[in-house]
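Since the structure comes first, as structure tokens, the remarks are kept for the end.
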Amino acid sequence: MELQQMQETIAMIREENLDIRTITMGISLLDCVRDTMQNTADAVYAKIVARAKNLVPVAEQIETEFGIPIVNKRVAVTPVALLAGGDKTYDFVLIAKAMDKAAQDTGIDLIGGYTALVQSGMTAADEALMRSMPAAFAATERVCGSVNVGSTKSGMNMDAVKLMGEVVKQIADPTPQNAMKLVVFCNAVEDNPFMAGAFWGVSEGDCAVSTGVSGPGVVQRALAAIPDAPFEEVCETIKKTAFKVSRMGQLIGKTAAERLGVPFNIVDLSLAPTPAVGDSVAQILETMGLSHVGSYGTTAALALLNDAVKKGGIMAAERVGGLSGAFIPVSEDANMIDAVAKGHIGLEKLEAMTAVCSVGLDMVAIPGATPATTIAGMIADEAALGMINNKTTAVRVIPVPGKGVGDFVEFGGLFGRAPIMKVNDGDASQFIARGGHIPAPIHSFKN
């Protein structure tokens, strides 16, 4: 970086909440399959520790040298459902506990990959892993998981959607915070460094490092300086800001990879908010001229933001991947929390916004009495958006036992707090009970 860029970056760190949101090491566990689940779990622990033992010390060293906060140090592993081998007991909780112990012993914040990919169908191992999620998340602290229920090429596995509605309910009772560890995807990507949905795809190498950058405050401050500018200037301002932020992510990621002796993989260009004041994606949209997020124009503003971030960031990094866009989690964004609490935005508007940004219904707290079939319907709707629009969508809803609309649930730290949102009282049970497979859309056939 040139001197001026470095000075600008330092100012962003001090004044505008700029940080590297995560350095995530991807580790393949395909060579850890053994004759029994216990032996596989032992091999999983040994490989994660061997590969990631220096991840936290190296990241902390870089933080000191560059003066840039690296908020999370994480690991993503091969989808665990693929590790059953010949052991038909399918005791995947043993592997979850091994992952958790490895994360604790290496100082890693979170470890993702307790995952099944079932967009086309479920093996016995896939189903066993999905059903084990309540026990696995209750028995661990740092393990995160995901299930991919659909894709543009494969369509949507409605048997898996139904099951995940039930699993989400089971995970959240009695500890709703455990539901934060699970994301249900359509079109999940193999190189996502962000939790809870990160896993290391089978087409990736043995081990590599990726970074996820974040700077909502930086973008908001830049737009605040041009309050009456036309949209062309707004786009250019976001692109230039995203370039600087992504350039920093590339520098930090390559430095970490070199010191760890592994390849550098990708920069994820996502804007990930936190509950801190001034670190809000919703505030960016309001700075564009909306009285509050949720008002008419919100989806258009978010589409502009998402596209401009991608255009600016992609020029700054050698390889861009992951989700790369703007996240709109409710509990992790101060202005989003405020908008929901005041009734400015509901689940239907959040679903509409999903069509133009990353992820979907994210960190949404709902009444604990919400039926499993209603949760499955939410998953199906979000997956349909992803399947038809050829993009990644996801659901991370948290049914909170004993809580109703108007109540709050506290998650703490980066996870923030969330108002319990009103859920449509329609009944999807007959629709969900049909089971089977929703076919891929016509435009998926491109061979």
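The values are calculated or read from the model by the stated rules, or taken from the named source; none is laboratory data. Computed from a predicted structure; not experimentally measured. Positions of Cβ are generated from backbone atoms using ideal geometry, with glycine treated the same way; all protein chains shown enter the neighbour counts. To get the accessible areas, we keep the full protein, side chains included, count just its heavy atoms, and leave off ligands, DNA and RNA. Shrake-Rupley method; radii C 1.70, N 1.55, O 1.52, S 1.80 Å.
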Scan region 86-97 for residues that are part of a loop (DSSP other than H, G, I, E, B), more than 10 Å from Leu129 (Cα to Cα) and open to solvent by 40 Å² or more (accessible area, probe 1.4 Å) and jot them down.
-> Gly86, Lys88, Thr89
Which members of region 218-238 meet the condition of being crowded, with 19+ Cβ neighbours inside 10 Å and in contact (Cβ under 8 Å) with a residue 40 or more places away in the chain?
-> Val218, Val219, Gln220, Arg221, Leu223, Val234, Ile238
By residue number, the members of region 218-233 that are farther than 14 Å from Ser280 by Cα and among the charged types (D, E, K, R) are Asp228, Glu232, Glu233
Report whether or not Lys391 is among the basic types (Lys, Arg) and over 24 Å from Glu286 (Cβ atoms).
-> yes
Could you run through region 297-337 and say how many residues are open to solvent by 10 Å² or more (accessible area, probe 1.4 Å), touching a Phe, Trp or Tyr at 6+ places or on another chain (Cβ under 9 Å) and in a loop (DSSP other than H, G, I, E, B)?
-> 7
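Per-residue answers, yes or no, for (1) open to solvent by 30 Å² or more (accessible area, probe 1.4 Å); (2) part of a helix (DSSP H, G or I):
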{"residue": "Gly343", "(1), (2)": "yes, no"}
{"residue": "Glu348", "(1), (2)": "yes, yes"}
{"residue": "Ser358", "(1), (2)": "no, no"}
{"residue": "Thr370", "(1), (2)": "no, no"}
{"residue": "Thr373", "(1), (2)": "yes, yes"}
{"residue": "Met378", "(1), (2)": "no, yes"}
{"residue": "Glu382", "(1), (2)": "no, yes"}
{"residue": "Ala394", "(1), (2)": "no, no"}
{"residue": "Pro399", "(1), (2)": "no, no"}
Does at least one position in region 163-179 carry a residue that is open to solvent by 20 Å² or more (accessible area, probe 1.4 Å), outside any strand (DSSP E or B), out of contact with any Leu (no Cβ under 7 Å at 6 or more places or on another chain) and at positive phi?
-> no
Scan region 420-435 for residues that are surrounded by 11 or more Cβ atoms within 10 Å (Cβ to Cβ) and not in a loop (DSSP other than H, G, I, E, B) and report the count.
-> 4
Scanning region 145-160 residue by residue, the ones that are out of contact with any strand residue (DSSP E or B) (no Cβ under 7 Å at 6 or more places or on another chain), of a type in the set (S, T, N, Q) and closer than 20 Å to Ser132 by Cα total 0
Residue that is modelled with the lowest pLDDT, among those in region 271-292 that are among the hydroxyl-bearing types (Ser, Thr, Tyr) and in a loop (DSSP other than H, G, I, E, B) | Thr274
